[in-house]
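Take a look at the structure below.
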Amino acid sequence: MNTYFITGTDTDTGKTVAACAFVQSLVKREKNVAVMKPVASGCYWQNGQLVNEDALNLMQHSNTAFDYDRVNPYAFEAAIAPHIAATDNGVVIEKEKLMTAVEWFRQQPIDSLVIEGAGGWQLPLAPGLRMPEVVKDINARVILVVGLKLGCLNHALLSLQSIRQEGCDVVGWIAVQTGPEPMPRQEENLASLRELLCTQELAYIPYVPDWPEKDLTIYFRKHD
């Protein structure tokens with residue numbers, strides 16, 4: 001089973017859009033795809049259960065069906081950093097629980113597991129624990145999502161450098177226009193990203209207001 005981890009240059013960079021687009025691309029290649037949003041804050045109550053909109057979108061685009069608790073083991077209501085939300089709820093986010101959750105999926109009849117992170121790459125989870133440690137230990141391949149806004153060049157370069165310093169394999173990067181108005185000089189910034197990021201560009205996804213209902217695979221670049 002291939003395991004992919006979708007991270008971003010920051011919060012609100014279009015990770016969910018990119019993750020769902022990537023899931024769509026795998027499904028179109030006739031892969032059995034499972035999804036995870038291991039840690040999520042900003043959740044809401046639905047039928048007596050805390051759920052997260054990002055996790056539900058991922059599940060909508062997957063072609064496998066698993067219980068919500070499998071997809072999102074840690075769900076917090078407050079829209080704040082997950083480790084702070086966890087502390088407020090008397091919860092400790094444990095690496096062992098996250099790794100066990102991933103290992104459970106590896107025992108299922110699936111080809112790929114697409115995991116969407118929270119926030120940026122260096123997300124703290126608990127005292128002495130950051131998300132990169134989990135990603136490395138589960139041997140996931142990383143896709144970096146670059147939100148096209150001011151500062152994205154610096155954020156992208158620093159994130160990519162950090163991913164590699166953690167010893168993780170980088171599949172490539174996806175650029176996402178996060179709002180209806182393009183960032184200033186967006187085409188020039190995209191050109192700079194293509195020059196500076198020494199890894200494969202997988203897709204550029206423009207702003208698509210009703211993206212959950214669209215085929216986003218049309219935005220992926222063709223590679224040999």
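The values are calculated or read from the model by the stated rules, or taken from the named source; none is laboratory data. All figures in this text were calculated on a predicted structure; none of them were measured in a lab. Ideal geometry is used to build each Cβ from the backbone, glycine not excepted, and the neighbour counts take in all protein chains shown. Just so you know, the surface numbers come from the protein's heavy atoms only, side chains and all, with ligands and any DNA or RNA stripped out. Shrake-Rupley method; radii C 1.70, N 1.55, O 1.52, S 1.80 Å.
Observations on the model:
- Contacts under 6 angstrom Cβ, first residue in the range 37-65 being within 21 Å of residue 215 (Cα to Cα), partner open to solvent by 60 Å² or more (accessible area, probe 1.4 Å) and not in a helix (DSSP H, G or I), 6 or more apart: 64/32
- Among (1) touching an Asp or Glu at 6+ places or on another chain (Cβ under 8 Å); (2) part of a helix (DSSP H, G or I), the one test that residue 156 misses: (1)
- Pairs with Cβ under 7 Å, 6+ apart, first in the range 161-175 and at positive phi, second open to solvent by less than 20 Å² (accessible area, probe 1.4 Å) and not polar (S, T, N, Q): 172/143; 172/201; 172/202
- Residues in the range 173-223 that are hydroxyl-bearing (Ser, Thr, Tyr) and not in a helix (DSSP H, G or I): 178, 199, 204, 207.
- Applying the condition of being in contact with a helix residue (DSSP H, G or I) (Cβ under 9 Å, 6 or more places away or on another chain) and not in a helix (DSSP H, G or I) to the range 56-74 and asking which residue is surrounded by the fewest Cβ atoms within 10 Å (Cβ to Cβ) yields 65.
- Evaluated against (1) open to solvent by less than 70 Å² (accessible area, probe 1.4 Å); (2) in a helix (DSSP H, G or I); (3) touching a helix residue (DSSP H, G or I) at 6+ places or on another chain (Cβ under 8 Å), residue 86 falls short on exactly one condition, (3).
- Answer residue from the range 1-58, given it is within 15 Å of the chain's Cα centre (by Cα) and among the charged types (D, E, K, R) and is nearest to residue 104 (Cα to Cα) among those: 37
- Of all residues assigned to the range 126-133, none qualifies as being open to solvent by less than 10 Å² (accessible area, probe 1.4 Å), at pLDDT 95 or above and in contact with a helix residue (DSSP H, G or I) (Cβ under 6 Å, 6 or more places away or on another chain).
- Which numbered condition residue 142 fails, given (1) in a helix (DSSP H, G or I); (2) open to solvent by less than 10 Å² (accessible area, probe 1.4 Å); (3) not hydroxyl-bearing (Ser, Thr, Tyr): (1)
- Scanning the range 33-55 for residues that are part of a strand (DSSP E or B) and open to solvent by less than 20 Å² (accessible area, probe 1.4 Å), we see that the one that is nearest to residue 102 (Cα to Cα) is 36.
- Meets criteria (over 21 Å from the mean Cα position of the chain (by Cα), open to solvent by 20 Å² or more (accessible area, probe 1.4 Å) and over 28 Å from residue 56 (Cβ atoms)) for residue 181: no
- Test: residue in the range 101-108 that is closer than 25 Å to residue 173 by Cα, of a type in the set (Val, Ile, Thr) and not in a helix (DSSP H, G or I): no
- Boolean, residue 79 is open to solvent by 20 Å² or more (accessible area, probe 1.4 Å), touching a Lys or Arg at 6+ places or on another chain (Cβ under 9 Å) and among the aliphatic types (A, V, I, L, M): no
- When residues of the range 205-219 are limited to those that are free of Cβ contacts under 8 Å to residues at least 12 places away in the same chain and farther than 21 Å from residue 187 by Cα, the one least open to solvent (accessible area, probe 1.4 Å): 210
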